[in-house]
Every structure is written in structure tokens, then in C-alpha cells.
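Below is one structure, written out as C-alpha cells; the observations come after it.
The values are calculated or read from the model by the stated rules, or taken from the named source; none is laboratory data. Small disclaimer: the values here were computed from a predicted structure and weren't measured. Note that each Cβ is placed from the backbone with ideal geometry, even for glycine, and that neighbours are counted across all protein chains shown.
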Amino acid sequence: MRELSSQGVSALVAFFILAFGCDYVFAENPVQSSALVDKFLDYQKITAISEQSGWEVGEILPVISKNSKLGVIGFLELNSIKKLSNNKFELRARLLRQSRRYFIQSGDVVRRMDLAEYNDEFIGSTDLIIKKSHANVSSRYRPLFYQGFAIGETAQTLFEEEYLINYLGNLSYGVKDWLTVGTFLTVNLFGRPNFNFKARVIDDEDKTVSTGLSFIKLTEEKETTINLNVYWDTISSDSQISHIFLSLGLIKWEGAADAAAIKALGSSSFQSGYEIIRDNWDRFLIGPNYNFEKKALGGFVSYIWIYDRFHAQLSINTTDVTKLKLDPTDGYYGFVDFFWRF
């Protein structure tokens, strides 16, 4: 067998890094600096003492409980650094978020953490979801944007310049943190040009509200469909988020009722559901939906395995709970989805 040249080896290594090591490309090598929480100056300002320098004003730092079972319980933004002696520094920071069940106390640890990959000290919680745009944050810790093809989207939008694509060609892109656009690439190839957008209009600690339009042109049928979509997310507890989705068919096509399994495709529907965040940041989804054209009650049960960029989902869905048959247009069906978020 002919030996590979040094250039060939370098090219092969580069290929494997790009193909399988995206998380490492995005991840940073954090310096293991740490500090101990000293005291609260007021309800939002905290001091911590460190024996290391190298801290940077403005960086966001997790707070890890001194109780090892709790892991990360909050986030701080470093405001200033004061040198107390040769090997002692006082950090002053602003509290950004903390667990509603476990409060930051003196002796808790402030430490840099690589959020580009899974860390078992970062336990799943609605209180600790990272909403600010950051290229190096694992998808596990971001708000759930996409619940799978059969269930649809939440009120969340993608980060600016972030994109999500599933194996069927459903593509979404974050134009701004508050604006996401999308298209079904493969459907475009079959004479069904389509486009959608979603704009976030309200976003606070407990709720997110978005609205948008979805459009598809059915070339062969010489018809066009336009749906107005409204999304409302509410944090119910430290592990649960409720999702409400209303889609109104402004312009419908004749076969809209038969496409009830596909959200926002001509038919009007209402869906509510719950997202349960597990300790490892996987998601469990469950909820009912109602289709106005079919006058039928449906629903879904789903589980999403979330990795740093890759997601795998299995769901059991129904468009009509009263029809005990395997039929995506008028009964029960299963669905498997795979998607990537970068």
C-alpha cells in the first residue's frame, strides 16, 4: 500500500476535524480560574475572592453550588477586578440569573466552564437556559426552537447567524436574535416554493411571544396558501415550559384538511403542549391539538435526545384521537426526526 504524503495526512486529519469535531472547533479551552463567593453587596451585586488573575471584565461566569449534587445554580457578569495582594483578587459581579429553588450563598464557587459541550455539573433547568446569542454554547443549553416536523416550532427564535436543518431539508436561519426565516428546501425542488418567518415580539423572564407568516405556492394546483402563526411560551416551573401555537389559514387550498399532520400548511389549528427539561437537558414533549377544518382533536407524545449540535427525536402523533388506525391524515402515526443546530 502506498504511503500517504505529509500533505495527505494533514488533509485527512482536517477532514475528520470538520466532519466529526465541530464541537471542538467551536469550543474554547477555558482557563481553570476559580473564585469563592464572599458576600452580597445588595440583591444583585456579589463579591468573590480569587487567587488567580486572568479574569476579564464582562465575561459571563457560572456559579457552582458548594453542594456538589446541585451543580450550576446561577450566572454572574463580571463588572470589576480589584487586586488585594499579590495572590488575592476581589471580583465584583452582577447577578444575571439564579435557580428559583437554590440560592447563591457564601462559599459557592465561581468558575469558568466550557459551555460548548456537555458538563454534568450543569443540570437541566428552565432557570439556567442560555438565551443570549453565543456561538460556543451547546444546543443542550439553548431554548428549544424546533419540536420536530410533526409538532412544529416554539415561540423561540434562533440566535443571529445560527441555523437549524433537519434531514428532510427543513432549514431555518437566524437573521437577528429576534427574527428567524426558513424554507423547506426539498419541497422547493418539487414545484412547491415556500417561505416562512417568525419575529419575537415579547421576551422576558417568564414568557416569550412571537408571530409570523408561512407561505407556500402549489404550482401544479395553481393555488397558494398563507398562514398567520402566533406562538406563546410560558415557564411553568424550574423544569417545565408550556407552549401554545395558533395557526390561522388566511388563504387555504382545497386539500388543507388532508394535510392536518403538517402544521401551518393551509389549515387552521390550535396546539398546546408541555416541554419537560430533564437533568441531562433532553426534552420530553406532550400535548393536544385541534384542527378546525377537520373538527378533530389530536395530540402528540415525543422525546428529544439533544447533543451539542445534533438532535434525535421520536414521536407518536395523532390527527384524530377517535380514529384507531395508522393514518397520518386521519388517525395515528409515528415520526422520527434528526436535525442539527449550528
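Structural remarks
- Residue, modelled with the lowest pLDDT, within the range 65-95, restricted to residues that are in a strand (DSSP E or B) and exposed (fewer than 11 other Cβ atoms within 10 Å of the Cβ): S85
- Selection of the range 158-173 for residues being crowded, with 21+ Cβ neighbours inside 10 Å and either hydrophobic (A, V, I, L, M, F, W, C) or over 20 Å from Q313 (Cβ atoms) (or both) yields L158, F159, L164.
- Taken together, V321, V336, V301 contain a single residue that is among the hydrophobic types (A, V, I, L, M, F, W, C) and not in a strand (DSSP E or B), which is V321.
- Filter result for the condition that a residue is at pLDDT 90 or above and assigned to a loop (DSSP other than H, G, I, E, B), over Q32, Q52: Q52
- Check on I216, touching a Ser or Thr at 6+ places or on another chain (Cβ under 8 Å), among the hydrophobic types (A, V, I, L, M, F, W, C) and modelled with pLDDT under 95: yes
- Restricting attention to the range 98-114, the residues being buried (at least 17 other Cβ atoms within 10 Å of the Cβ) and free of Cβ contacts under 8 Å to residues at least 60 places away in the same chain number 2.
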